[in-house]
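To start, the structure under review is shown below, and the notes come after it.
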Amino acid sequence: MTDYIRAREFRETEGTEDWRVVGDGACTFIATDSFASSVRLVQAIGALPGVEDHRPDLDVRHDGVTVRLLTAGDDWYGMSRRDVSLARGISGAVRDLDLTADPSDVQSVLVIVETKVAAEVMPFWRAVLGYIDRPDSPDEDLVDPRDRGPGLWFEEVQEWRDKGNGIHLAVWVAHEVAEARVAAALAAGGRMVRDRAPSWWTLADALGNECDVATPLQRD
């Protein structure tokens, strides 16, 4: 394939205003007034030309639909021009149904496992979760084969910190809400560990458990 694109190019391409890249895919949320309305939107998306050749991930609820677009292959796990085309088509279907997309209301969660040697712990997590290797990075990432649970990234660290465990979370959010999310966490008793704005902020709760608030800005 030759149509892979980075998050910035997707974000700056005309017709993607309804979408935000969070983690490895571009997402949006479309609020509805009923489950039946959510189903009608899914039906409209399913009728788009070419959708069977590049299917979106859909989470259907009574109050709306979350859509994720992702191109996954042996050498890539991210955006492509096919995702741009599909994003435009879905945005058009949303407008045709008099609905509104709210890309600020999306997020994705990643579990980060810090380890000295990833191969020593990955088999346990693969087995206990029923996950599979991510095709483009099988030595450091596991994913849910049904695309329901959060991904796991095994970060090999050279200097082991003295703490009870090496697991923390990263929550990817739309860039325009990241600072408000950080402020809310600090107001709720958290503390700042590392400030790498606008790419990420590492926060900790009162017990020292950490979570990154992350955006794709300045990453590519």
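For the range 11-22, taking the residues that are buried (at least 23 other Cβ atoms within 10 Å of the Cβ) and closer than 16 Å to Val84 by Cβ, the one that is nearest to the chain's Cα centre (by Cα) is identified as Val21.
Any residue at all in the range 154-164 that's closer than 28 Å to Glu17 by Cβ and crowded, with 18+ Cβ neighbours inside 10 Å? No - not one qualifying residue is present in the range 154-164. Screening Gly208 with (1) under 25 Å from Asp102 (Cα atoms); (2) part of a loop (DSSP other than H, G, I, E, B) gives one miss only, at (1). Condition test on Ala36, is it under 30 Å from Asp139 (Cα atoms) and aliphatic (A, V, I, L, M)? Against the criterion (under 30 Å from Asp139 (Cα atoms) and aliphatic (A, V, I, L, M)), Ala36 does not qualify.
Among the residues making up the range 185-217, none is touching an Asp or Glu at 6+ places or on another chain (Cβ under 6 Å) and among the basic types (Lys, Arg).
Put simply, of Pro216, Pro138 the only residue that is outside any helix (DSSP H, G or I) and touching a residue at least 60 places away in the same chain (Cβ under 8 Å) is Pro216. Would it be correct to say that Gly25 is small (Gly, Ala, Ser), surrounded by 14 or more Cβ atoms within 10 Å (Cβ to Cβ), at negative phi and out of contact with any helix residue (DSSP H, G or I) (no Cβ under 6 Å at 6 or more places or on another chain)? So Gly25 fits the description; yes. Within the range 168-180, residues that are in the same structural domain as Leu203 (by TED's automatic domain parsing) reach partners that are part of a helix (DSSP H, G or I) with beta carbons closer than 6 Å, at six or more positions or on different chains, in the pairs Val173/Arg181; Ala174/Pro103; Ala174/Ser104; Glu176/Ser104; Val177/Ser104.
Within the range 31-53, can one find any residue that is within 19 Å of Trp172 (Cβ to Cβ), among the hydrophobic types (A, V, I, L, M, F, W, C) and not assigned by TED's automatic domain parsing to the domain that holds Arg146? There is no residue in the range 31-53 that is within 19 Å of Trp172 (Cβ to Cβ), among the hydrophobic types (A, V, I, L, M, F, W, C) and not assigned by TED's automatic domain parsing to the domain that holds Arg146.
Can you tell me which residue within the range 69-87, out of those that are without any contact (Cβ under 8 Å) to a residue 60 or more places away in the chain and under 13 Å from the mean Cα position of the chain (by Cα), is nearest to Asp33 (Cα to Cα)? For the range 69-87, the residue satisfying everything is Leu69. Taking first residues from the range 91-114 that are more than 30 Å from Arg126 (Cα to Cα) and not assigned by TED's automatic domain parsing to the domain that holds Ile30 and partners that are among the small types (Gly, Ala, Ser) and assigned to a strand (DSSP E or B), no Cβ contact under 6 Å between residues at least 6 apart in sequence or on separate chains turns up. Taking every residue in the range 12-33 that is assigned to a loop (DSSP other than H, G, I, E, B) and pairing it with any residue that is among the hydroxyl-bearing types (Ser, Thr, Tyr), at least 6 positions away or on another chain, the pairs with Cβ-Cβ distances below 6 Å are Asp18/Thr28; Asp18/Ser91; Trp19/Thr28; Gly23/Ser108; Asp24/Tyr77; Thr32/Ser38.
Conditions tested, residue by residue: (1) surrounded by 14 or more Cβ atoms within 10 Å (Cβ to Cβ); (2) within 16 Å of Arg20 (Cα to Cα); (3) not polar (S, T, N, Q).
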position	(1), (2), (3)
Leu169	yes, no, yes
Trp172	yes, yes, yes
Val177	yes, yes, yes
Ala184	no, no, yes
Gly189	no, no, yes
Arg196	no, no, yes
Trp201	yes, no, yes
Ala204	yes, no, yes
Leu217	yes, yes, yes
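Based on what the data block shows, is Ser104 among the hydroxyl-bearing types (Ser, Thr, Tyr), assigned to a loop (DSSP other than H, G, I, E, B) and out of contact with any Gly (no Cβ under 9 Å at 6 or more places or on another chain)? No: the conditions fail for Ser104.
The values are calculated or read from the model by the stated rules, or taken from the named source; none is laboratory data. Everything numeric in this text was worked out from a predicted model, so none of it was measured. Every residue, glycine among them, receives a Cβ derived from its backbone with ideal geometry; neighbour counts consider all protein chains shown.
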